[in-house]
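This report refers to the structure that appears directly beneath it.
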Amino acid sequence: MLRALSGTTRLVLLLLILLLSVIFLLPKQTRAVLQAIGQPVSAVIFFPVELLTALEQKIFGVWDEYVALRHVREENRQLRRDLGSLQKQNADLRESAVAAQRLAGLLEFKEQFVPQTVAARVIGRDSTNWYSGVILNKGDRDGIRPEMGVMTTAGVVGRVVKTGPFSSMVLLMTDPHNAITGIIQRSRDEGIVEGTSQGRARIKYLPLLASVRVGDTVVTSGLTGGFPRGIVIGAVLSIQKEEGELFQSAEITPEADLSKLEEVLVITVPRSPDAHADAKIGKS
Amino acid sequence: MKQVLYCGLILGLVPFQVTALNFASIAGIRPDLTLIAIFLIGFLGGEIEGLLMGVLLGCVQDLFSAGSLWVNLITKGMIGILAGLLGRHLASATPVTVCAFLFVLSLLSGSTAALWIRVEDDLSGVSQVIQSVVLPQALFDAALGTLIYWVMPGRRRRESEFGDEMALFGR
């Protein structure tokens, strides 16, 4: 097949194939190079992403406020302007109230529980169907680093896996590639929470004698990863205990609604300064 | 003109895929616009264009994905080459053949990526991923890609060139 190509084209093609082979055969060694190239590219691509997100919100705003009400306006020509403007005002006010309530809740939660967090907005989803991930509008420049925990007021969302100058990629807790240490809040039994392909999570490696019940709350253990102790992960939906197995596992429904994420908190320092001081005293 | 189009694709296609395309998903599966674009570029423009755009778009796609930084770069690059070779050696390109090739290449690229991703952890669940993600996405890609090919001006030019060649041979 390659005979049909001209000499230069064949050479360029072979060089490019060679380059791809090097990347494929030496993924760890080429990672640093790819990351170095990726940082400025990601910074450039971030702006179209932001622009499209804003445009999308505008379009949906127009749809909600105007197009859906078109038939009502046709029937009530006389009242159209008043009704339309009042409804728009009302919707705007409601939206503002809901946003203010949500943000106040987030702020209150931030002040109460986690000493150092960065609030970020979800601007997109993973570019492939392989991973359950979201893109945040904060990155390296805002102090976000890989492995940091991400949460909402409801509970754990996931962890940061990649960062660019202005954006970062979060792998959701329901992704099978994610793992967080968790404990059953009531019985204090510890396990590993992993995502499942059904969009839920599962706590694994629970001791066989652990008394787990349906409805039990699972929280972060705070031992490893970017989460402090006690952040809600979800509630136990079902328990799997099989004969001959050394451990039992339980399916969990995530507490945070991961399909409708808008604002999240990235935990930049998972433990409070007091906890750090305690840890230092413990060590000494 | 072509360069401007390619720059536009590099800057705009992945952002479109991560934002607006979420509303076009069926059962959580979205079409892979970059794969469709690379296939069509390779198919109509040749191996080099297909490979270069595959590598560039794959690289951008990897930046906005939770996976490793090389999976899409390699799979999309290979899709570009294969599409170019198919375009060069295929005598008659109709929307049906485009649909079939796009389906097969999407399936191939998806299965390869699924295997690589799982090899990093373990191989369990690959068949489930292929059934629940790769196959629906391949169908989605093939349908959308054929539709795009159908409305493209390049297709008519290519088909009319083929018609002229056939006329020369008296067929």
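The values are calculated or read from the model by the stated rules, or taken from the named source; none is laboratory data. Quick caveat: nothing in here was measured; it's all calculated off a predicted structure. Virtual Cβ from ideal backbone geometry, glycine too; neighbours counted across all protein chains shown.
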Candidate set from segment B:55-95 (those that are outside any helix (DSSP H, G or I) and in contact with a Leu (Cβ under 6 Å, 6 or more places away or on another chain)); member that is nearest to B:I41 (Cα to Cα):
B:L69
In segment A:244-264, the residues that are closer than 19 Å to A:Q198 by Cα and assigned to a loop (DSSP other than H, G, I, E, B)
A:E255, A:A256, A:D257, A:L258, A:S259, A:K260, A:L261
Which pairs turn up if I take residues in segment B:52-66 that are more than 16 Å from A:M169 (Cβ to Cβ) and look for partners that are surrounded by fewer than 24 Cβ atoms within 10 Å (Cβ to Cβ) with beta carbon separation below 6 Å, at least 6 apart in sequence or on another chain?
B:L56/B:I10
Could you please find all residues in segment B:19-54 being at the interface with chain A (Cβ under 7 Å from one of its Cβ atoms) and part of a helix (DSSP H, G or I)?
B:A20, B:N22, B:E47, B:I48, B:L51
For residues in segment A:20-61 being among the hydroxyl-bearing types (S, T, Y) and free of Cβ contacts under 8 Å to residues at least 24 places away in the same chain, which is nearest to A:L93 (Cα to Cα)?
A:T30
Working only within segment B:135-147, note down all residues that are surrounded by 20 or more Cβ atoms within 10 Å (Cβ to Cβ) and either at pLDDT below 90 or within 12 Å of B:V104 (Cβ to Cβ) (or both).
B:A138, B:D141, B:A142, B:G145
Quick test for you: out of A:V62, A:V33, A:V41, pick the one residue that is in a helix (DSSP H, G or I) and at pLDDT 80 or above.
A:V41
Which of (1) touching a Leu at 6+ places or on another chain (Cβ under 6 Å); (2) crowded, with 19+ Cβ neighbours inside 10 Å; (3) closer than 28 Å to A:D126 by Cα is the odd one out, the single condition A:E251 does not satisfy?
(2)
Enumerate the pairs (first residue in segment B:146-159 and basic (K, R); second residue anywhere and at pLDDT 60 or above and assigned to a helix (DSSP H, G or I)) with beta-carbon separation below 6 Å, excluding pairs fewer than 6 apart on the same chain, so at least 6 apart or on different chains.
B:R155/B:Y149
Give me a count of the residues in segment B:1-14 that are without any contact (Cβ under 8 Å) to a residue 12 or more places away in the chain and within 8 Å of chain A (Cβ to nearest Cβ).
2
Is there a residue being under 30 Å from A:G158 (Cα atoms) and at pLDDT 90 or above anywhere in segment B:41-48?
no
When segment A:120-147 is examined, which residues are found to be within 14 Å of chain B (Cβ to nearest Cβ) and over 16 Å from B:L21 (Cβ atoms)?
A:R121, A:L136, A:N137, A:G139, A:D140, A:P146, A:E147
Just a yes or no: is a residue in segment B:85-97 surrounded by 24 or more Cβ atoms within 10 Å (Cβ to Cβ) and either hydroxyl-bearing (S, T, Y) or at pLDDT 85 or above (or both)?
no
Given the condition among the hydrophobic types (A, V, I, L, M, F, W, C) and over 30 Å from A:Q198 (Cβ atoms), answer yes or no: does some residue in segment B:24-38 qualify?
yes
Is it fair to say B:F64 is within 11 Å of chain A (Cβ to nearest Cβ), among the aromatic types (F, W, Y) and within 23 Å of B:P153 (Cβ to Cβ)?
no
Take A:G182 and decide whether it is more than 11 Å from chain B (Cβ to nearest Cβ) and farther than 21 Å from A:F47 by Cβ.
yes
Residue check, A:L103 against (1) within 13 Å of the chain's Cα centre (by Cα); (2) touching a residue at least 24 places away in the same chain (Cβ under 8 Å); (3) farther than 16 Å from A:I267 by Cα, all met but one. Which one?
(1)
Output the number of the condition that A:H177 fails; it satisfies all remaining conditions of (1) surrounded by fewer than 16 Cβ atoms within 10 Å (Cβ to Cβ); (2) within 14 Å of another protein chain (Cβ to nearest Cβ); (3) of a type outside the set (D, E, K, R); (4) touching a residue at least 12 places away in the same chain (Cβ under 8 Å).
(1)
Out of the residues in segment A:230-244 that are surrounded by 17 or more Cβ atoms within 10 Å (Cβ to Cβ) and of a type in the set (A, V, I, L, M), state the one that is nearest to A:T217 (Cα to Cα).
A:A235
Go through (1) at pLDDT 90 or above; (2) crowded, with 18+ Cβ neighbours inside 10 Å; (3) more than 14 Å from chain B (Cβ to nearest Cβ) and name the single condition A:T117 misses.
(1)
Can you list residue pairs whose Cβ atoms sit under 8 Å apart, with the first residue in segment A:7-19 being within 7 Å of another protein chain (Cβ to nearest Cβ) and under 23 Å from B:W70 (Cβ atoms) and the second being part of a helix (DSSP H, G or I) and at pLDDT below 80? Count only pairs 6 or more apart in sequence or on different chains.
A:L13/A:L2
